[in-house]
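Everything on this sheet refers to the single structure shown next.
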Amino acid sequence: MKTFILNGSPRYHGNTADLLDHFISYLSEEYKLIRVYDSNLMPCMDCRYCQTHDGCAIPDEMKFYYRDVIEADNIVLASPLYFDELTGALLNFCSRFQYFYQRRATSSLYQGKKKKGFLLLTGGGSSSSVHHAEETAKLIFSMLHAELVGTAYSLSTDTLPAKEDAFALESVKALALEANKD
């Protein structure tokens, strides 16, 4: 089982990283973790190049990530909530998955194997709902031929750090164990 993980947090050692570390500690197979704030990717420009070509017109490292997504069995999106939504940097990165949408819409070349999708969210202050972020994640997962299996979240991080949130940690563990299953 291969797991492709996108960390949408700007913080290296924050609450989202804590949930991801917990998730990864239960994975039994190979994984690749990308910190989207460290990538130099441009967002999709809607140039339509991928409608007629196999790849993207933007010459950056995304071409390597496309292969990782195709080979993955699991996709994980992890993000703090900003205005009850995934971070802008994560959405920017995921806009480049338009390539997969175009592959399915314009050819039968890319069908891809069915994947499991997992969503890890953190929030504090006024974060009260994961609904918007889940709906966005479902759209992203659908482009990647994945289905959202579950969401784990810690929404009181201003008063209770995610690494101390027993409910969140148990939920994250359950999702990781599900990711290990065929």
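Looking only at the stretch 49-83, residues that are crowded, with 16+ Cβ neighbours inside 10 Å and in contact with a Lys or Arg (Cβ under 6 Å, 6 or more places away or on another chain) come to 5 in all.
Just to be sure before I move on: is Ser142 touching an Asp or Glu at 6+ places or on another chain (Cβ under 7 Å) and modelled with pLDDT under 95 in the structure I sent? Quick ask: steps written out before the conclusion?
Values: touching an Asp or Glu at 6+ places or on another chain (Cβ under 7 Å): no; modelled with pLDDT under 95: yes.
The answer is no for Ser142.
Checked against the criterion of being assigned to a helix (DSSP H, G or I) and on the phi < 0 side of the Ramachandran plot, the stretch 110-132 has at least one qualifying residue. Please indicate, with yes or no, whether at least one residue in the stretch 88-102 is more than 20 Å from Val36 (Cα to Cα) and over 13 Å from the mean Cα position of the chain (by Cα). Within the stretch 88-102, one or more residues are more than 20 Å from Val36 (Cα to Cα) and over 13 Å from the mean Cα position of the chain (by Cα). Give the residue that is farthest from Glu85 (Cα to Cα), with candidates limited to residues of the stretch 10-54 that are small (Gly, Ala, Ser) and outside any loop (DSSP other than H, G, I, E, B). Filtering first and then ranking leaves Ser25.
The values are calculated or read from the model by the stated rules, or taken from the named source; none is laboratory data. All values derive from a computational prediction rather than experimental measurement. Methodologically, a virtual Cβ is constructed for each residue, glycine included, from the backbone with ideal geometry; neighbour enumeration extends over all protein chains shown.
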